[in-house]
Each structure stands twice: as C-alpha cells, then as structure tokens.
1. Mind checking segment B:411-470 for GluC sites (Glu not before Pro) that DSSP puts in a loop (not H, G, I, E or B) and that have at most 16 other Cβ atoms within 10 Å?
2. Which pairs break 19 Å Cα to Cα here: B:Lys110/B:Lys346; B:Lys224/B:Lys255; B:Lys346/B:Lys401; B:Lys110/B:Lys306; B:Lys306/B:Lys346?
3. When only alpha-carbon atoms count, how far does segment B:279-493 stretch along each of its three principal axes, as whole angstroms with the largest first?
4. Specify whether the C-alpha gyration tensor of segment B:246-395 places it in the rounded, prolate or oblate class, a ≥ b ≥ c being the square roots of the eigenvalues: rounded for a/c under 1.5, otherwise prolate if a/b is larger than b/c and oblate if not.
5. So with the 1.4 Å probe, I'd like the accessible area per residue for segment A:2-118, rounded to whole Å².
6. Roll a 1.4 angstrom probe over the protein heavy atoms and tell me the percent of accessible area of segment A:2-118 that is carbon or sulfur.
7. Evaluate the relative contact order of chain A (contact order divided by residue number), counting alpha-carbon pairs under 8 angstrom at least 6 apart; express in whole percent.
8. Loop only by DSSP, 13 or fewer other Cβ within 10 Å of the Cβ. Give me the trypsin sites (Lys or Arg not before Pro) in segment B:266-362 that pass, ordered by residue number.
Amino acid sequence: MQILGLYNYWIFIVLMMCGFYVVISRGNLVKKLVGLNIFQTSVFILYISMGKIIGGTAPILTETATVYSNPVPHVLILTAIVVGIATTALGLALVVRINEAYGTIEEDEIHAQSEDEAL
Amino acid sequence: MTEHLPALQVVIPLMAAPLCALLRPGRIAWMLAMTACTLCLLIAALLLERVLAEGVISYAMGNWPAPWGIEYRIDTVNAYMLLLVTMIGAVVMAFARPTLEQRAHLSKRKQPWFYTTYLLCLTGLLGMIITGDAFNVFVFLEISSLSSYVLISIGRDRRALTAAYQYLIMGTIGATFILIGIGFLYVMTGTLNMLDLAARLPAVADTRTVRAAFAFLTIGISLKLALFPLHLWLPNAYAYAPSAVTAFLAATATKVAIYVMLRFFFTIFGAQFSFETMGLDAILLPLALAGIFSASVVAIFQTNVKRMLAYSSVAQIGYMILGISLVSVTGLTATISHLFNHALMKGTLFMALGCVSYQIGAVRLDRLAGIGRTMPWTMGAFVIGGLSLIGVPLTAGFVSKWLLILGALERGWWPVALLVLLTSLLAVIYIWRVVEVAYFRPAPEDRKIGEAPLVLLIPTWTLALANLYFGLDTSLNAGVARLAAQSLLGVTQ
C-alpha cells in the first residue's frame, strides 16, 4: 500500500529518469532541450508533493480549518519554474543561432564540422 | 547606512544591470558598470575589515528575522570570497571594454547588453557567496549560470555557441541536482536557513533521505565546479568565449562553486557527517589526483593556448579539491588560499592572452612566434602568471602549493606531496612551450605588430603585480585563509 500511497514520488522518479535519458541519448539539440525540460519539471512535482498535507486546506487563516498545506515549497518551486523557462528560452535561442552558423541541429554533424575546423 | 552594506553588495550590481541596458552609447554603459564594480569592491573590503574586527555579520533581508526570512550571513570565509570576486570583477571590467569595441566584435547597439549580462553574472556570484539560505544559493546560482551561458556564446568563433549549449545542458543538470538535494533537506528539517539546517540535521542524519540529499548535492556542485571527470563543459567554454569573459569566469565561477561545496560539506552537513559517516574524502582524493594528472598531461598537447590554460584550470581545481580531502586546517587553508591565488594567476594569464589576441587575432601556439620581443609587456605578465601557476617561490602560487604539501605531510601522505611536486613539473612543461615559442622563435618577417594598448596592459599588470605582492605579503591569502579554514572546521584558535 505504501508504494501506491506515494505514487506522486514514483511519478517524479520516472519522469526524472525519462528526461535524463533523453538528454543523454538524443543527438538532436531540440530533443535534448525537451528532455531537460521533463527532467526539470519532475522536480516541480517533488516540491509540490512535499508541501501537501492530507486533509489540509489552503494556508488561509479561517475559524473552521486547523490543518494547512505548507505553502513554502510551492513558492520555492515558482522560482524554479521561472528559472526553467529562462533556461529553455536561452537554450532554444542558442539552438537557433547554432542552426544559423552550422546549418544543422544534429550533434554528430556539428561535431564533424568542428573537427574539420580544428584540422 | 553601513549596516545595509551586505544588501548593497548584491543590490548595486543587480540594479546597475538593467540601467546599463538602457544607456547608449556603450561607453556610458561601461562607465556605469565600472562604477558599480568599484563600489562592490569597496563594500567587500569594508565588510572584510568589519568581519575581522567584530566577527560574524548577520543581516535580515527586508527585516524578516531568520529562519523565516532570508539571512545574509558574512563570516571570514565569505568576506574573503566577496573580496576576491569583486576584485576580479572590477579588474576584468576595465579590461573588457577595449576588447569588445575592437574590430566591431560586438556591434555598438549590443555593447551595453554585454555589460548588463556581466553585472548579472557578478550579482549571481556575489549572492551565492553572501547568502545564508540554502535555496537562495540555488536562485543566485541560476542567475550567474544563465548569464554566463550568454557571455560565452558571444565568442567570435561559432564553436562558442556549441560550447555555451553544452555548458547550458550540463550546468542545468547540475543545478537541478542541487535543487533536488535542497528539497530533500527541506523535507527532513523544514528549514532552509543554513545555520538552522546545521542544527537540525544531526537528529535525522541517519536516514536515507539525508544521504540521498548529500549525494545529489555532491554531484550537482561537482558539475558546477568542473571536478574531474565532470569537467567536460569547461575546456570548450573557456577556449571559445571572448577573452574578457574567459578571464572573468576562470577566475571566479568555479571558485564560487568550490565555496558552495565548502559551505554545504562543512557548515551545513558538518565535517563529521561528510567525511567520517559518508567517507567523502575517499572519493574526492582519487578524483582530485586523477584530475590534476590527466588534465595537466592533456594541457601539454594543446595547440590552442586558451584551451591549454582551460585544461590547466581543471588541474588546478584538482589541487583545491585535494586540500578539501585532507580534512585538516592546513589542507583547508591550502584550498582557500589557492582559490585566491589561482584567480590571480589565471586572471593574469587569460588577460595576457586577451592582449595577444587583441593584437594578433589568434591564440594558436604557432602564431605566437617571436611575440616575446614585439610585445614584451604582455608576455612579461604572461611569464609572471606562468611562474605563479607553476608555484615558484616569491609568487602567490607558491604559498598555496607550500600549504598543500605541508597539509599532505601532516597526514603522513608523502606520495600525495610527491605527486603535487611532480604535477608542478607538468605545469613547467606547458608554460615553457608558450615561452619557448614566444621568445626563442623568430617572428614572421611580414608581421608588423606592436605592444598592446595601455588600457589593456594596466589591468593585466595590476593582476600580475598582485601575484608578486601576495607572494610576499601572505597576511590575506594565508593568514585570513587560515582563519576561514578554522571557522569552517569549528576549531578555535
């Protein structure tokens, strides 16, 4: 039962591994960024899960509620989401410039061209 | 006013950055950026003086008391680091303007953006050093990383773009690992304040979550500081970035990552947990030695001098990690001292190379033939930096090598001490290759190049002379470093 009860943490692990695998295995620069994005997003789920308290309500002072969810991880992850967006935007901008400079976004083709330059 | 100095240290470059983007032409933006950098240096010097006189400064950001608010906490270690980073920041900023304006490297319209990015990078680095909040470290880390990816991609060579992309991928993986680590620590302790974490962690230290957090943080920080074998992003990034950017990043970015490592291992987890329970030194020691040895050997075979110095940086990072793995006051003093000395020597070397590429337009080894005679001042600075890198007495580099060897002998690890000496000889070889080509090969007949302009030589020589000065007066890079090491290990004098 414990395994099922912690399902969001399992989703975190699976997503993280998927994203990480895509970053390592793909040679296409855009696909790598997609993988990186999944990898980062998985951490959002980790943080959001850890703030949730079963039966807790939104952290607003009312007479009726006594159990609140912890808002701090949610606020923290808002910052990380912004960072993630900035990283993706910057990464994509770099890919556009790489495409202009090399005429391709496949890692091995770029590598071959760079090798020629080095010789 | 003076009680707000810790906040101003970060706020001044942060506020100056967007202003720079609005100012035209580039020269006006540069003047603002230069003023901001100088003010930062001044503040850092004042802070260090105050910390040494009065002890730890705690500053509650926005007047929210710790542990709820973000605390800026300045002790000997980070006051020393602040001074280092702001000093390099100011010197390299003076160096950057002519190199950007030359041969329209950056169009006039884009020059102010360079200063904006540079100041943001400085903000991030200073923030990482000054903050006493674990999550704040991550935020500032990303500010400095994102801006350094941009700075690297400005390089003239198209390979700068792929180098920046590669750094972006590896840097983001590292930062995300750090984020996961901090998350796990928060789950177990419910706090993000470093001191609070240090107080609450021992009670829960024997859990898998804390051990996992430790592992994630170790890998994440090691990626950022380019610990062998996680250094793959570094050589290309340093080789193809513009000269000023290379000088700035080589002298500061990896050093700040090492500082973060010291903070997490010694202040938050505590030396006992990190090294006795987790046995981290058994991992760091072989990696450091392998890194020193292999990177030094690879450096010998490089034809691009900038790339050669980049590999040398990987080796030098190995020396710093070696100091950490000794887990003694002398070893840590060597690490903290080498942070400072290596910034001085690599700053000098990369700026001297910047002068060379300013005049010749290349840093390939064969193109440097005979420049020892045509550019005596530039190569003079290079030689001083090189001697310091090797660790010749009377230079700053000697101080930290000496401490490192002492630390190794203190532990009775004489083979390690011997290896440090041997690998210094490898440094002799790769520096000699440049000196030989520059001084003993005839310059091509048709080339008419003179000495680099004074605006470039002054900042280069400022750092070169600092190498000599701190080789003689070791009160800062050995004296304060020892105090910092003692405060990290919790040893009282």
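The values are calculated or read from the model by the stated rules, or taken from the named source; none is laboratory data. Bear in mind that the values here come from a model prediction, so they are computed numbers and not experimental data. Because the Cβ atoms are built from the backbone with ideal geometry, glycine has one as well, and the counts that use them run over all protein chains shown. Side chains are part of the model used for accessible areas, which takes the heavy atoms of the whole protein and leaves out ligands, DNA and RNA. Shrake-Rupley method; radii C 1.70, N 1.55, O 1.52, S 1.80 Å.
1. On the way: sites: B:Glu436, B:Glu445, B:Glu451; in loops: B:Glu445, B:Glu451.
Passing both the DSSP loop test and the Cβ count: B:Glu445, B:Glu451.
2. Details: B:Lys110/B:Lys346 27 Å; B:Lys224/B:Lys255 10 Å; B:Lys346/B:Lys401 15 Å; B:Lys110/B:Lys306 25 Å; B:Lys306/B:Lys346 11 Å.
Check vs 19 Å cut-off fails for B:Lys110/B:Lys346; B:Lys110/B:Lys306.
3. 62, 32, 22
4. Details: a/c = 2.69, a/b = 2.33, b/c = 1.16.
Because a/c hits 1.5 or more and a/b exceeds b/c, segment B:246-395 counts as prolate.
5. Working: 6810 Å² over 117 residues.
Each residue of segment A:2-118 exposes 58 Å² on average to a 1.4 Å probe.
6. Numbers: 4710 of 6810 Å².
The nonpolar share, carbon plus sulfur, comes to 69 percent.
7. Numbers: 113 pairs, mean separation 27.2, N = 119.
The normalised contact order for chain A reaches 23 percent.
8. Values: sites: B:Lys306, B:Arg307, B:Lys346; in loops: none.
Here no loop site has a sparse enough neighbourhood.
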